Structures are given as structure tokens and as C-alpha cells.
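Below is one structure; the comments refer to it alone.
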Amino acid sequence: MHTKMRYHLLSLTALVAIVQSASLGKVSKHATLVKARTVTETQYDFIIAGGGIAGLTVADRLTEDPDVKVLVIESGPFDQDEYSLLTPGAFFTTFPANYMWLPLPSTPQTALQNKVFNVPAGKVVGGGSVINAMVFTRPSKEQLKDWDTLGAKGWDWNSLLPYYKKSESFTPPDPAYAQAANFSFNPSVHGQDGPVEASYPNFAYPGAGVWFEAAVASGIQAGGDANDGDGMGVVTTPFVTSGTTRTRSHARLNHYTPVQSRTNYHILDSHTVSRILFDNNKKAIGVEYLPTAGGSTLTVNATKEVLVAAGALHSPQILQLSGVGPKSLLQGLNIPVVVDLPGVGANLQDQPSIIIPYNVTNNIHPNIGTLSTDPAYDAAQRALFDATREGPYQLTRGLSNNLALPSLSKTTPTLAKCQSILDAARAANHNTYLPPGTHPSVARGYKLQRELTIKQLSGDKTAVSMIHWDTANSVRMYFLRPFSRGSVTISSTNPLAWPVIDFQTFVDPIDQDLVVASFLKNRHIMSQPSMAALNPLEAAPFDNSITDEQTLKAILSGITEPSSAHQCCTAAMMPMDMGGVVDNDMKVYGVKGVRVIDTSFWPMVLTSAPTATTYAVGEKIADVIKKEYCLGGFKSGKGKGPGKC
Ligand SMILES: Cc1cc2nc3c(=O)[nH]c(=O)nc-3n(C[C@H](O)[C@H](O)[C@H](O)COP(=O)(O)OP(=O)(O)OC[C@H]3O[C@@H](n4cnc5c(N)ncnc54)[C@H](O)[C@@H]3O)c2cc1C
Ligand SMILES: *[C@@H]1O[C@H](CO)[C@@H](O)[C@H](O)[C@H]1NC(C)=O
Ligand SMILES: *[C@@H]1O[C@H](CO)[C@@H](O)[C@H](O)[C@H]1NC(C)=O
Ligand SMILES: *[C@@H]1O[C@H](CO)[C@@H](O)[C@H](O)[C@H]1NC(C)=O
């Protein structure tokens, strides 16, 4: 997807777009979109750095109280309701280069033949939600319970469920359709009147059913509701789309547009926060920012707090630029140390994605590939969708509806193989594969993460991978339980320079064992009778007979992407002496008035897609903040919390 050639073309496209929008000089339709000048003249209570999922959720909820003034500063522009952004079936037919961080390279990945990868991340008002693939799933309860064990108290399943529901407006599928399509849904875990719309397409390619049958025949149980906290089995995924228009529900549409007339909710787009400003008591008093296109810096004050929501790649960058991070890193760049926090930028995790190419020589038509191979079919389906909202355009282009989430014991062909991988993991020293120079506190936190990962993989409530056949020529395998840990560090004090992103993908050999096992599990699914009838042949660099060792080589050399854009965990909610960066209220240790509210706070990557949880967490932290300052429904006399208001 991110070849070098394409990359140059994209940069050019982006440039053209910037020039066009500048010359049009158009007045925005967004009433409270502010000019830099207005910002410098306004007193804000809260400044939010980054207008993605977390940032806009919290901004919306805080400004429900008309007395609270909030400014969101977002590096990217507003989108323009482009068809390819809103329509699942047109996903990435126009590559959203204007709305992504490009270039954003990884460091050479040592286990992946030293290749450099372009890292996908949204750069637009609404963040990743505007350009993502819309898969909407929640993690297993066990994942969140283990967050609690790591120190993230108050963020387990029971604490989050009311907020998952509050965030969501779920359109139930037609029960007869659901039954025929082999999925169930549990109304009690879904919300009906939240801002984020979620729905099940009422269309599946016939191949989806064939693959479902094969996945179940391979020993993976048919799962229930993909969002009920079980998180296992063969499930059908809802998408973040409206049940009526079948179009994308993204954060700009669900947490800004409906309330943009609020005069206390400001968004300054196309500007980048360069650092947090502190007073002598290490209390945050505002931020410094500049146009993303370059220019002079300005400052704006926050009377209450600065909320960092720039995503797991850029939030640590902002903290480090502000003097909050590993002392040695900061001193090396002559940044005055406000607080020495070794965990800032450590613990980077993602879900590496492995794309297995197939030649399905006896495939059923139509399948998801038909949209690209048969222009007449594509045009007809687009017309059908535009007129009636029916058909395959309800599905994110390139994806099918269902996916398999097997535990390790259901992944390996024998229990002995499962045991031998776990034994190797237990026997290894936790320090061996951490990035060089990892601080002892971070290593201590990782040791517990590693123990929990081994425990999870020994049981049957955590999936090792998410396997997905697109119904055409590829299987995508998301690797969900990495042992390897990466890092994000600045290498310059220039706020517009990209952070140094080192995923360390598959550096830990246990990850290599697990990924080969997952690959073989996929082969097992594809060889079940229903799939075998379609004659799926692994295409180059594979053939159906190569050894495990050759398989591993092929995985590492050509078909792995370090990131599914599910980056997280770079400012973890754990105790400080275990590499933690924020406390249970997301407050950054050692300073006052700063929280990190995006996926950076996750202690460990979850085995689901991140969006549903990011919205729910935003809802919860908004309540925590409102309660602390007695805002909105927590004002004196109205639903106040214990003691304070
Ligand atoms: C191509 C793609 C496909 C994906 N597919 C799925 C999927 O199918 N399902 C799913 O659940 N998840 C998916 N995701 C991931 C999901 O979108 C992210 O996990 C989610 O958006 C994270 O939310 P966030 O609030 O932490 O950060 P983001 O939504 O990334 O928001 C951070 C925002 O901060 C801005 N920012 C960064 N630095 C600064 C700065 N210094 N100053 C001001 N602003 C700044 C960024 O431009 C961005 O808009 C996908 C992501 C991408 C990119
Ligand atoms: C549902 O399951 C049946 C039986 O395994 C299978 O024949 C059918 O194709 C499946 N349909 C879908 C959409 O999964
Ligand atoms: C912002 O805060 C600084 C330091 O407290 C103060 O000097 C300055 O006047 C404030 N600016 C505005 C616009 O209030
Ligand atoms: C797929 O397999 C068929 C039959 O073996 C072969 O003729 C065809 O060339 C293959 N196509 C690709 C793209 O490999």
C-alpha cells in the first residue's frame, strides 16, 4: 500500500490540494472554527492538543457546560465530506493523502530485513476516525481486567460498559438476516442514543459464508456478539456506519458538527501544538503552537488543564518537547527537564498486519475483488447504494464481514506445540529483546506485561491473531499479542519534524513462533472442505508446501506491515516505578494540569480494533474531569459526586 513510487505521487497530490485551498480562500462553514487571531484573544479553560477521536469526544462533553471554554488545536485540516471518505464501498478509492501524516517513516525494522515503512495515521479534524476502515469491535473482558492488574484501576469492562453504551447508537440488524448470516447480537451491551453510529451491513458476499463454515470446521467456535466482551471465535463485525444512510460516522460528524454552534467550543485546524508551557510550580498554563505548514509560534493560555490527545505517536512527542520524558533524551537535545519520566514514548505497541496473497482459482463471483476487476459491476453497485443504501457498498472496500479470533490452543495444531511456545516464553529473560537503553522502571512494567501475556495465551479468553479472508485474493492476519515493544522518541526540537518511530516488530523470537503458528492456522482454515472447493492457492512468496522456517522467512521479508494504525501505549497508565506516565485519572506524573487522554494511556494493546474503546474512554474521562471541576451535570446540587461538588 505504501510503496515509494506511490508515496511521491501522493506528496504531489497533497501539495496541489494545499495550493488550491489556499487560493480559494473559502470561508468555512464551521461557525466556531476559529482564526489564530481569535485564539490569542480568548481565555480558555481547557486546551486539547489533537482533534482525533479522544480529543473531540472530550471537547464535546466538556462544552456541554456553557461556562466552559475549550480550544482544540489540530494539525490537520477539516475534511470536505468527500464521497470516498463517507462511503464504505469507496474506501481508499481516493487515497486520503491530505488527511494523513505523510511522510511518517518508521526506523529500519531489524527483524523485517531492515526495511523502512510508512506509518499510517490520520491528520484531519476527527483523526483516524475519518480515514479508518470502520471495523467496530471491543476487547475481551480479560484484556481490560489485566489493564487493572497493571495499574489502570477503574478502566475494566464493568467500568467501561456504561460508556461504551453512552458513546454508541447501535442499529440492530434484521434478526432473520442475522440468523441466516450466522451472527447474534446482544442488545443489552449496546447503546441506542449515543453519538457514534454503528450497524451491521445487510449484505455478505457468498464467500463469507464459505469461509465461516471453514473457520468453524477448523475448530474455532462460532462467536456471539463481537462487542459483548467475549472477544473470541468467528464473529461478524459491525462497522462505524449509520444504520440508515450506511455512511461513515466519524468524530468530526458525531462530536463536533451537531454542536458546532456552541460558542464555547473552538477548533483551530491546520495548527500544531509544539509544547506545553509550565509555570515555576510545574503547573501547565497553556501551549505553544504554530501553523502546520510552518511559521511563527504563538501561545495560548489554559486556566484549568492541557489535555494531550495527539495519538500514540505524537502525544509522546509533545510531552518530550515540553520537557516531560526520559532525562537523558531531553538533556541530549538541551531541553530543560520539567520531569524525568522514562516511560514517555516507551512501550509502543500495535497490531502488525500480515497479508497473505492468494490465487483462489475456483472462486465464487461476485466477491470483494469484483469491484475492481469488473467496472460495470462496480458502477451498478455504486448506483444501487446511492439510490437504496443496499448491496456491497455497505462494506468497507477490501474487507469482508467476518473474522476469526482463535486462542493459542486453537491456533497450534497440537497442545504440545502450544506448550512449547509458552515454555520458551517463560524461559526467556524479559530484558533480552527490549530496545537498547530501556530504563529499569520500564523493564519492570514490561516484566508484568509479559507475565500477563503468557497467562492470557495459556487460557481461552485471549485471541492470538485476527484472521480475515477478504473473499478475494488476500487473507489479512492481525497479530494481536506481541511480546516485542517499540518506542517513539524525538530526535530534534523542531516540532514539525517527525518523531522517531521504532516498532521493533517481531524482534522477540516468541512473536516469530506465534506468527508462524497463526499462518499455519490460516492454512488449516483454507484447507477445510468448504474452502478447499474454491481451490485457494497461496501465491508468491508462498506455496502450500514450504517448511516452517521458509514460511517465517517469507513472512519477515515481504508481507508484514509493522502497523495497522492501531498504535498505543506510549504514555501508559501504570505506576511510575513500572514505567507508567499517567495515574488513574490520566494525570501525568510530576506535573499539574496535564492529562494524556488518547490511546497512549493504554498499558497493553487490546485484541480488538481500537475505535470503540477510544470513544468509550473519552466519554469516561470527560465525566472524571467534569466531576473534578464540578461542571455540567456535576454542578452543585445536580448528580454530584461524593464530597467534592
Ligand atoms: C488507515 C487506518 C485504518 C484504521 N482502521 C481501523 C478500523 O477499521 N477500526 C478501528 O477501530 N480502528 C482503526 N484505525 C485506528 C483508529 O482510527 C485509531 O486507533 C484512533 O483514531 C485513535 O484515536 P486517538 O484519539 O488516540 O488518535 P487520533 O484519532 O489519531 O487523533 C490524533 C489527532 O491528533 C493530531 N495531532 C498529532 N500531533 C499533533 C500536534 N502536535 N498538535 C495538534 N494536533 C496533533 C493528529 O493529526 C490527529 O488528528 C485505523 C487507522 C488508520 C489510520
Ligand atoms: C452460515 O453457516 C452455514 C452453515 O455453516 C453456511 O452454509 C452459510 O454459508 C453461512 N453463511 C454466512 C453468511 O456466514
Ligand atoms: C497568559 O499567561 C501568562 C503567564 O501567566 C500571562 O503573562 C499572559 O498575560 C496571559 N495571556 C493572556 C492573553 O491572558
Ligand atoms: C492462478 O492459478 C491459475 C491456475 O493454476 C493460473 O492459470 C493463473 O495464472 C494464476 N494466476 C495468478 C495471478 O497467479
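Whenever a residue of segment 420-436 is aromatic (Phe, Trp, Tyr), its partners that are open to solvent by less than 40 Å² (accessible area, probe 1.4 Å), lying with C-beta atoms within less than 6 angstrom and at least six residues away or across chains, give the pairs Tyr433/Val507; Tyr433/Asp508.
When residues in segment 273-296 are screened for being under 26 Å from the mean Cα position of the chain (by Cα) and open to solvent by 50 Å² or more (accessible area, probe 1.4 Å), 2 of them pass.
Taking Ile355 as meeting all but one of (1) in contact with a helix residue (DSSP H, G or I) (Cβ under 9 Å, 6 or more places away or on another chain); (2) away from ligand 4 (no atom under 16 Å from the Cβ), write down the number of the exception. Just one mismatch for Ile355, condition (2).
State the number of residues belonging to segment 327-357 that are touching an Asp or Glu at 6+ places or on another chain (Cβ under 6 Å) and closer than 15 Å to Trp469 by Cα.
Filtering segment 327-357 down to residues touching an Asp or Glu at 6+ places or on another chain (Cβ under 6 Å) leaves 327, 353.
Right, trim to closer than 15 Å to Trp469 by Cα and you get 353.
The qualifying residues number 1.
Scanning segment 210-239 for residues that are away from ligand 1 (no atom under 16 Å from the Cβ) and of a type in the set (S, T, N, Q) gives Ser218, Gln221. Does Asp193 meet the test of being under 25 Å from the mean Cα position of the chain (by Cα), away from ligand 4 (no atom under 16 Å from the Cβ) and either open to solvent by 50 Å² or more (accessible area, probe 1.4 Å) or among the aromatic types (Phe, Trp, Tyr) (or both)? So Asp193 passes the test.
When Gln567, Gln550, Gln528 are checked against the criterion of being modelled with pLDDT of 95 or more, more than 16 Å from ligand 3 (Cβ to nearest atom), polar (S, T, N, Q) and closer than 25 Å to Ala425 by Cβ, Gln567 stands alone in meeting it. Residues in segment 544-581 that are part of a helix (DSSP H, G or I) and aliphatic (A, V, I, L, M): Leu552, Ala554, Ile555, Leu556, Ile559, Met576, Met578. Total residues in segment 149-174 satisfying the condition of being open to solvent by 40 Å² or more (accessible area, probe 1.4 Å), part of a helix (DSSP H, G or I) and either modelled with pLDDT under 95 or farther than 28 Å from Arg450 by Cβ (or both): the figure is 4.
For segment 198-222, a tally of residues being over 16 Å from Trp469 (Cβ atoms) and open to solvent by less than 30 Å² (accessible area, probe 1.4 Å) returns 4. Of the residues that sit in segment 175-187 and are surrounded by 12 or more Cβ atoms within 10 Å (Cβ to Cβ) and not aliphatic (A, V, I, L, M), which one is farthest from Phe203 (Cα to Cα)? So, considering only residues that are surrounded by 12 or more Cβ atoms within 10 Å (Cβ to Cβ) and not aliphatic (A, V, I, L, M), the one farthest from Phe203 (Cα to Cα) is Asn186. Evaluate segment 342-357: report whether one residue or more is more than 16 Å from ligand 1 (Cβ to nearest atom) and charged (D, E, K, R). No, because not a single residue in segment 342-357 is more than 16 Å from ligand 1 (Cβ to nearest atom) and charged (D, E, K, R).
Does Gly437 satisfy the condition of being of a type in the set (Gly, Ala, Ser), at pLDDT below 95 and open to solvent by 10 Å² or more (accessible area, probe 1.4 Å)? It is true that Gly437 is of a type in the set (Gly, Ala, Ser), at pLDDT below 95 and open to solvent by 10 Å² or more (accessible area, probe 1.4 Å). The single residue among Pro357, Pro342, Pro336 that is in a loop (DSSP other than H, G, I, E, B), more than 16 Å from ligand 2 (Cβ to nearest atom) and over 21 Å from Pro435 (Cβ atoms) turns out to be Pro336. Checked against (1) within 30 Å of Gly323 (Cα to Cα); (2) surrounded by fewer than 24 Cβ atoms within 10 Å (Cβ to Cβ), Thr570 meets all criteria but (2).
Going through Asp193, Asp146, Asp228 one at a time, which residue ends up being in a helix (DSSP H, G or I) and either among the charged types (D, E, K, R) or touching a strand residue (DSSP E or B) at 6+ places or on another chain (Cβ under 6 Å) (or both)?
Details: Asp193 fails: in a helix (DSSP H, G or I); Asp228 fails: in a helix (DSSP H, G or I).
Only one candidate qualifies: Asp146.
Per this entry, Ser530 is counted among residues that are surrounded by fewer than 20 Cβ atoms within 10 Å (Cβ to Cβ), in contact (Cβ under 8 Å) with a residue 12 or more places away in the chain and within 16 Å of ligand 2 (Cβ to nearest atom). When Ala443, Ala463, Ala427 are checked against the criterion of being within 24 Å of Lys521 (Cβ to Cβ) and open to solvent by less than 10 Å² (accessible area, probe 1.4 Å), Ala463 stands alone in meeting it. Within segment 178-219, track down each residue that is farther than 18 Å from Ile368 by Cα, in contact with a Phe, Trp or Tyr (Cβ under 8 Å, 6 or more places away or on another chain) and hydroxyl-bearing (Ser, Thr, Tyr). Passing the criteria: only Ser199.
Taken together, the residues in segment 362-420 that are in a helix (DSSP H, G or I) and buried (at least 21 other Cβ atoms within 10 Å of the Cβ) amount to 6. Checking each residue in segment 608-639 for being part of a loop (DSSP other than H, G, I, E, B) and open to solvent by 10 Å² or more (accessible area, probe 1.4 Å) picks out Pro610, Cys630, Leu631, Lys635, Ser636, Gly637, Lys638, Gly639.
The residue pairs whose first member lies in segment 78-91 and is farther than 17 Å from Asn254 by Cβ, whose second member is charged (D, E, K, R) and surrounded by 15 or more Cβ atoms within 10 Å (Cβ to Cβ), and whose beta carbons are closer than 7 Å, counting only pairs six or more residues apart or on different chains, are Gly89/Arg382; Gly89/Arg397; Ala90/Arg397; Phe91/Arg397. Do we have any residue at all in segment 584-592 that's away from ligand 3 (no atom under 16 Å from the Cβ) and open to solvent by less than 10 Å² (accessible area, probe 1.4 Å)? Yes: segment 584-592 contains one or more residues that are away from ligand 3 (no atom under 16 Å from the Cβ) and open to solvent by less than 10 Å² (accessible area, probe 1.4 Å).
Number of residues in segment 122-143 that are part of a loop (DSSP other than H, G, I, E, B) and open to solvent by 20 Å² or more (accessible area, probe 1.4 Å): the value is 3. Checking each residue in segment 252-292 for being part of a strand (DSSP E or B) and of a type in the set (D, E, K, R) picks out Arg275, Lys283, Glu288.
Conditions (1) within 30 Å of Gly207 (Cβ to Cβ); (2) within 16 Å of ligand 4 (Cβ to nearest atom), marked per residue:
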{"site": "Leu395", "(1), (2)": "yes, no"}
{"site": "Ala416", "(1), (2)": "no, no"}
{"site": "Pro440", "(1), (2)": "no, no"}
{"site": "Lys447", "(1), (2)": "no, no"}
{"site": "Lys455", "(1), (2)": "no, no"}
{"site": "Ala472", "(1), (2)": "yes, yes"}
{"site": "Pro482", "(1), (2)": "yes, no"}
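Hey, among the residues in segment 240-255 that are among the hydroxyl-bearing types (Ser, Thr, Tyr) and within 13 Å of ligand 1 (Cβ to nearest atom), which one's surrounded by the fewest Cβ atoms within 10 Å (Cβ to Cβ)? Working first, answer last.
Taking segment 240-255 first, the residues among the hydroxyl-bearing types (Ser, Thr, Tyr) are 241-242, 244-245, 247, 249.
Checking which are within 13 Å of ligand 1 (Cβ to nearest atom) leaves us with 241, 249.
Details: Thr241: 27, Ser249: 23.
Only one residue tops the list, namely Ser249.
Considering the conditions (1) closer than 28 Å to Val210 by Cα; (2) open to solvent by 50 Å² or more (accessible area, probe 1.4 Å), Ala472 is excluded by exactly one of them, (2). Contact annotation: residue pairs with Cβ atoms under 6 Å, 6 or more positions apart or on different chains, pairing a residue in segment 288-299 that is closer than 19 Å to Val124 by Cα with a partner that is of a type in the set (A, V, I, L, M) and open to solvent by less than 50 Å² (accessible area, probe 1.4 Å), are Tyr289/Ile73; Tyr289/Val273.
The values are calculated or read from the model by the stated rules, or taken from the named source; none is laboratory data. What you see is a predicted model; the values in this text were computed from it and never measured. Here Cβ is always computed from backbone atoms with ideal geometry, including for glycine, and neighbour counts include all displayed protein chains. For accessibility, only protein heavy atoms count, side chains too; no ligands or nucleic acids. Shrake-Rupley method; radii C 1.70, N 1.55, O 1.52, S 1.80 Å.
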